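Enquirer: So that we are looking at the same thing, I have put the structure below in C-alpha cells.
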Amino acid sequence: MKTNPDFFPMTLLATRFVNQLAQCRRLGLKVHEASEHHVLLELPYNEELIGYPDTGVLHGGVITTLMDTGSGCAVICAIKEKFGTLEISPTLDLRVDYMKPAQPHKPIFGMAECYRLSSSVAFTRAIAYQDSVDDPIAHAVGSFMRISPEMIGDSFRKALMGEEVQYD
C-alpha cells in the first residue's frame, strides 16, 4: 500500500518508531498511514502467533500489542505535530475489550488516535478490525505518560528522525 505524504505526513516517523521495537519487528507490524490525528497499523496473519490451535485464531495478547503500539505511536505523532518534539511515552494504562475472535488467515488492522494531550498524560483510543472498522474485533482506551524530550536517548531520537545512528 502506497500512502500520500501530503495526507499522512507522520507515516515515516511512525514507521521508524515501530521498527525500533523488537516485538513489532518480530510480529511483522506495518505502518500504513499516520498523521497528527491517527495511526493505521497492520498485523499480518502468522501461524506462529496462533493462540487457539483448534481454530487457528491468533492469541489475544498479539492484538493487545497491536493496539498498544498503535496507541503509543499515535501519541508520538500527536506530540511531534503539536510541540515539534519527540517524547518517550510509556503506557500507564490500557483497557482492551474483546468483542469477537479474529478470523484465521487474515491480517488484523489497528486504528489508533491520541485524542487528548495534557501536560503529563496522553489519552488514546483504538480499534482492531479485519474487514471493516465498523465490525471491530476489539477496542481499547489508554493513557500514556509524557516524559520530557530530554529523556530520549540520542540514538533513539536519531533513529526516529531518520538520521544515521552510530553505535559504540
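Enquirer: Could you check segment 22-39 and list, in sequence order, the residues that are open to solvent by less than 40 Å² (accessible area, probe 1.4 Å) and either within 17 Å of residue 61 (Cβ to Cβ) or without any contact (Cβ under 8 Å) to a residue 12 or more places away in the chain (or both)?
Expert: 24, 27, 28, 29
Enquirer: Among what's in segment 99-124 and is out of contact with any strand residue (DSSP E or B) (no Cβ under 9 Å at 6 or more places or on another chain) and among the polar types (S, T, N, Q), pick the residue that is surrounded by the fewest Cβ atoms within 10 Å (Cβ to Cβ).
Expert: Taking the candidates together, the pick is 119.
Enquirer: Continuing with this model, one more query. From the set of residues in segment 4-25 that are farther than 18 Å from residue 44 by Cα and not in a helix (DSSP H, G or I), which is modelled with the highest pLDDT?
Expert: 10
Enquirer: Out of 149, 136, I need the residue that is within 17 Å of residue 42 (Cβ to Cβ) and either in contact with an Asp or Glu (Cβ under 8 Å, 6 or more places away or on another chain) or surrounded by 17 or more Cβ atoms within 10 Å (Cβ to Cβ) (or both). Which one?
Expert: 136
For (1) more than 14 Å from residue 107 (Cα to Cα); (2) β-branched (Val, Ile, Thr), each residue gets a yes or a no:
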{"residue": "25", "(1), (2)": "yes, no"}
{"residue": "45", "(1), (2)": "no, no"}
{"residue": "51", "(1), (2)": "yes, no"}
{"residue": "63", "(1), (2)": "no, yes"}
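Enquirer: Let me ask you something else. Hey, can you tell me all the residues within segment 84-98 that are in contact with a Phe, Trp or Tyr (Cβ under 7 Å, 6 or more places away or on another chain) and assigned to a loop (DSSP other than H, G, I, E, B)?
Expert: 89, 90 - these are the residues of segment 84-98 that are in contact with a Phe, Trp or Tyr (Cβ under 7 Å, 6 or more places away or on another chain) and assigned to a loop (DSSP other than H, G, I, E, B).
Enquirer: While we're looking at this one, here's another question. Against the definition (under 17 Å from residue 41 (Cα atoms), modelled with pLDDT under 95 and of a type outside the set (D, E, K, R)), how does residue 102 come out, yes or no?
Expert: Criteria met by residue 102.
Enquirer: Mind listing just one residue for me: the one in segment 82-98 that is hydrophobic (A, V, I, L, M, F, W, C) and open to solvent by 20 Å² or more (accessible area, probe 1.4 Å) and, of those, farthest from the chain's Cα centre (by Cα)?
Expert: Here the residue is 83.
Yes/no matrix, rows are residues, columns are (1) of a type in the set (Asp, Glu); (2) under 16 Å from the mean Cα position of the chain (by Cα); (3) not in a loop (DSSP other than H, G, I, E, B):
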| site | (1), (2), (3) |
| --- | --- |
| 76 | no, yes, yes |
| 80 | no, yes, yes |
| 100 | no, no, no |
| 104 | no, no, no |
| 110 | no, yes, yes |
| 113 | yes, yes, yes |
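Enquirer: If I filter segment 40-62 down to residues being within 11 Å of the chain's Cα centre (by Cα) and surrounded by 16 or more Cβ atoms within 10 Å (Cβ to Cβ), which single residue comes out as farthest from residue 7 (Cα to Cα)?
Expert: Checking each candidate, the answer is 43.
Enquirer: Does segment 145-162 include one or more residues that are part of a strand (DSSP E or B), over 30 Å from residue 55 (Cβ atoms) and among the charged types (D, E, K, R)?
Expert: No, there is no match, as no residue in segment 145-162 is part of a strand (DSSP E or B), over 30 Å from residue 55 (Cβ atoms) and among the charged types (D, E, K, R).
The values are calculated or read from the model by the stated rules, or taken from the named source; none is laboratory data. Quantities reported herein were computed from a predicted structural model and do not represent experimental measurements. Note that each Cβ is placed from the backbone with ideal geometry, even for glycine, and that neighbours are counted across all protein chains shown. Surface areas here come from the heavy atoms of the whole protein model, side chains and all, with no ligands, DNA or RNA. Shrake-Rupley method; radii C 1.70, N 1.55, O 1.52, S 1.80 Å.
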